[in-house]
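Shown next, in structure tokens, is the structure this report addresses.
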Amino acid sequence: MGDRAILFRQHFPPRNDALSYWGGVPLVPQDFTWPSFTTHDGVERALHLIMQIDCAAIPDARRLGLPEHGLLYVFVDLDWGNFWECRVLYAEGDPRLFTPAAVPAILPHAYGDQGVWGWVRRDEDWPRLLPRWSFDPVLVNGTDLPPVVEEDEAEERRFWPGTIDLPKALTALDGAIAESHYHQNRYDSDNKLVRPFANFPHDWKAVRIAMGEIADQSHRGHIARFVKRGDMSQAEGDAFAISLQSSIDQWNARAQTADPIAPLATVDSDAVWQVFVDFQKVTHFALGETVNQSINATLSANPDPAHILPEEALALVRSSHAIGSRGEHGLHINTPDHFLGPPSYVQGGAEERLGKWRLLFEMSSCDPIGHFFAEGVYQFWIRPEDLAARCFNRVELEGSAY
């Protein structure tokens with residue numbers, strides 16, 4: 001029999017009533033304790049929820065060895081390379097009767113550096129929870145392949161995707177592949193930036209993101225380069241920088257006192273867009289990230305994003321949430337996060353574990369849901385006998401990079 005793996009088909013938009021999701025706050029029974037650990041310096045740190053999965057939703061009668069009901073949770077410390085702490089927990093019972101856990105005060109900011117978020121400029125804006133994004137667990141199956149002839153081929157089959165024909169498997173899964181579409185800066189006949197969609201920016205979180213991204217770009221030496229090559233005099237460059245910073249400060253001050261998910265009045269949305277136009281020598285560098293991050297932030301946090309975001313906005317990020325995307329150059333599939341199945345080949349210890357361990361879960365970067373791991377890969381390993389016994393407290397985490 002060929003390899004089998006569970007992939008995660010994200011809902012678009014995410015669903016508030018889903019029981020399987022990335023990030024957010026877990027649904028838990030009454031006796032649940034949010035996992036934590038103590039560092040070598042004696043500091044207690046709670047772990048971040050990476051995902052919870054509704055075991056009953058796994059589309060296989062035997063769940064590939066996972067429990068048949070209840071919720072499985074994956075927690076990890078996101079300070080890459082420092083602690084390598086994780087917990088995989090299982091809660092029996094009917095998850096529809098579970099309630100949201102209380103977020104512990106000792107849950108640190110997500111990631112060891114606020115800069116991974118790009119737009120975050122203050123600790124107050126630095127997220128502690130990862131974005132909540134719901135999904136369906138879906139099953140992909142490998143096939144019985146002819147016996148291998150060469151040793152290299154046998155070695156390759158031990159690693160992802162193994163015997164799974166991923167393009168064929170995804171084509172058979174409804175919603176697993178989306179047409180590629182994304183934001184690209186456009187300019188009108190006067191060389192002015194064209195607004196990405198009619199009400200951009202659309203809410204106060206988008207303003208926070210916009211000002212953070214613009215501030216980041218303003219500190220990257222663009223203005224100094226304009227002066228050096230003669231596009232601006234030094235005096236003009238100084239005045240440009242002062243005026244831009246004044247606009248950033250003004251809008252940051254207003255955004256900090258507003259409800260992040262509250263939609264912007266048209267007059268405010270127009271005024272923020274005018275900042276992009278007036279200072280487009282710098283702001284055009286920030287526009288793409290602002291568009292993507294602000295749309296995704298609204299989708300993950302707003303209970304009714306459709307009343308704020310028009311379809312043209314949704315179209316800009318839809319394909320980034322699909323397992324595969326199809327564009328002018330054909331089908332593109334990053335190595336998908338998966339439960340069970342073969343591990344990816346990275347510069348780690350996967351080779352030594354194969355045979356004695358099973359890959360329980362593997363995840364890598366996915367910017368739209370706040371998984372900022374660069375070229376890093378988290379692999380969670382379990383011994384076959386522990387999986388059979390539903391014993392998840394001996395899962396081991398290995399972090400590797402390509």
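The values are calculated or read from the model by the stated rules, or taken from the named source; none is laboratory data. Given the structure is predicted, the values throughout are model-derived calculations rather than measurements. Because the Cβ atoms are built from the backbone with ideal geometry, glycine has one as well, and the counts that use them run over all protein chains shown. The area values use the complete protein model at the heavy-atom level, side chains included, leaving out ligands, DNA and RNA. Shrake-Rupley method; radii C 1.70, N 1.55, O 1.52, S 1.80 Å.
For the residue pair Lys168 and Leu129, what label-to-label distance in nm results when each label sits 7 Å from Cα along the Cα-to-beta-carbon direction?
So the two model labels end up 4.2 nm from each other.
Let me know the shape class of the stretch 1-64, please: from the alpha-carbon gyration tensor, a ≥ b ≥ c as square roots of the eigenvalues, rounded when a/c is under 1.5, otherwise prolate if a/b is greater than b/c, or oblate.
prolate
Just to check I understand the Karplus step: with θ = phi - 60° and J = 6.51 cos²θ - 1.76 cosθ + 1.60, what whole-Hz values come out for the stretch 38-51, glycine and proline as x?
Result, ordered by residue: 10, 6, 4, 8, x, 9, 8, 10, 6, 8, 8, 6, 8, 6 Hz.
Would you please give the residues with an amide H less than 5 Å from that of Val25, counting only those at least 5 places away or on a separate chain, with H modeled from the backbone geometry?
Close amide H contacts, sequence-distant or interchain: none at all.
How do Glu328, Glu312 stack up against each other in accessible area, from largest to smallest, with a 1.4 angstrom probe?
Glu328, Glu312
Sorted by accessible area with a 1.4 angstrom probe, largest first, how do Val25, Val317 fall?
Val25, Val317
Let me spell out the model: positive unit charges on the Cβ of Lys and Arg, negative unit charges on the Cβ of Asp and Glu, origin at the Cα centre of the chain. What dipole size does that give, in debye rounded to 20?
420
Which number gives the lysine pairs in the chain that have C-alpha atoms under 26 Å apart and are eight or more places apart or on different chains?
For the chain, the number of qualifying lysine pairs is 5.
Considering the Cα trace of the stretch 133-188, what is its radius of gyration and what is Dmax, both in angstroms?
Considering the stretch 133-188 through its Cα atoms, Rg and Dmax are 17.7, 59 Å.
Quick check: convex hull over the Cα atoms of the stretch 295-402, volume per residue in Å³, rounded to an integer?
139
Rounded, prolate or oblate, given the Cα gyration tensor of the stretch 6-151, with a/c below 1.5 counting as rounded?
Prolate, because a/c is 1.5 or more and a/b exceeds b/c.
For Val138, which sequence-distant residues (separation of 5 or more, or a different chain) have an amide H within less than 5 Å of its own amide H, given hydrogens modelled in the peptide plane?
Leu7, Phe8, Arg9
Report ³J(HN,Hα) in whole Hz for each residue of the stretch 352-362, in order, from the Karplus equation J = 6.51 cos²θ - 1.76 cosθ + 1.60 where θ = phi - 60°; Gly and Pro get x.
Using θ = phi - 60°, the values come out as 6, 7, 4, x, 8, 10, 10, 5, 7, 7, 9 Hz.
At q = 0.13, 0.17, 0.18 Å⁻¹, what log₁₀ I(q)/I(0) does a Debye calculation on the Cα points of the stretch 271-351 give, no solvent, two decimals?
For the requested q values the scattering log ratios are -0.68, -0.92, -0.97.
Using only helices, what value at 222 nm comes out for the chain when you add -39,500 (n - 2.57) per DSSP H run of length 4 or more and divide by the total residues, to the nearest 500 deg cm²/dmol?
-8000 deg cm²/dmol, from helical runs alone.
When the Debye formula is applied to the Cα atoms of the stretch 97-239, each taken as the same point scatterer, what base-10 log of I(q)/I(0) results at q = 0.12, 0.13, 0.21 Å⁻¹?
Debye curve over Cα of the stretch 97-239, log10 I(q)/I(0) at q = 0.12, 0.13, 0.21 Å⁻¹: -0.95, -1.01, -1.32.
What do you get for Rg/Rh over the stretch 240-303 if you use C-alpha atoms and the Kirkwood form of Rh?
Dividing the radius of gyration by the Kirkwood radius yields 0.97.
Which three extents, in whole angstrom, do the alpha-carbon atoms of the stretch 156-245 cover along their principal axes, largest first?
In descending order, the Cα extents are 64, 36, 30 Å.
Residue-wise, which Karplus ³J(HN,Hα) couplings in Hz belong to the stretch 257-269, taking 6.51 cos²θ - 1.76 cosθ + 1.60, θ = phi - 60°, and x for glycine or proline?
Result, ordered by residue: 9, 9, 5, x, 8, 6, x, 7, 5, 4, 5, 6, 4 Hz.
Rounded, prolate or oblate: which fits the stretch 175-294 when a ≥ b ≥ c are the square roots of the eigenvalues of the alpha-carbon gyration tensor, with rounded for a/c under 1.5 and prolate only if a/b beats b/c?
Taking the square roots of the gyration eigenvalues as a ≥ b ≥ c, the stretch 175-294 is oblate.
Long-range amide H contacts for His48: which residues qualify at under 5 Å (H placed 1.01 Å from N, peptide plane, sequence gap of 5 or more or a different chain)?
Those qualifying (amide H under 5 Å, at least 5 residues apart or on another chain) are Val76, Asp77, Leu78.
What is the ratio of the Cα radius of gyration of the stretch 84-137 to 2.2 N^0.38 Å, where N is its residue count, to two decimals?
This ratio for the stretch 84-137 stands at 1.48.
7 Å from Cα along Cα→Cβ at both Glu236 and His329: what's the point-to-point distance in nm?
Spacing of the two 7 Å Cα→Cβ label points: 3.7 nm.
In Å and on Cα atoms, what radius of gyration and Dmax does the stretch 195-260 show?
Radius of gyration, then largest Cα-Cα span, for the stretch 195-260: 14.1, 43 Å.
Ignoring ligands, DNA and RNA, please state the percent of accessible area on the chain from carbon and sulfur, probe 1.4 Å.
49
Considering every pair of different Cα atoms, what Kirkwood radius, in Å, is found for the chain?
Evaluated over the chain, this radius sits at 23.1 Å.
With a point put 7 Å past each Cα toward its Cβ, work out how far Thr99 is from Glu156 in nm, to one decimal.
About 5.5 nm, to one decimal.
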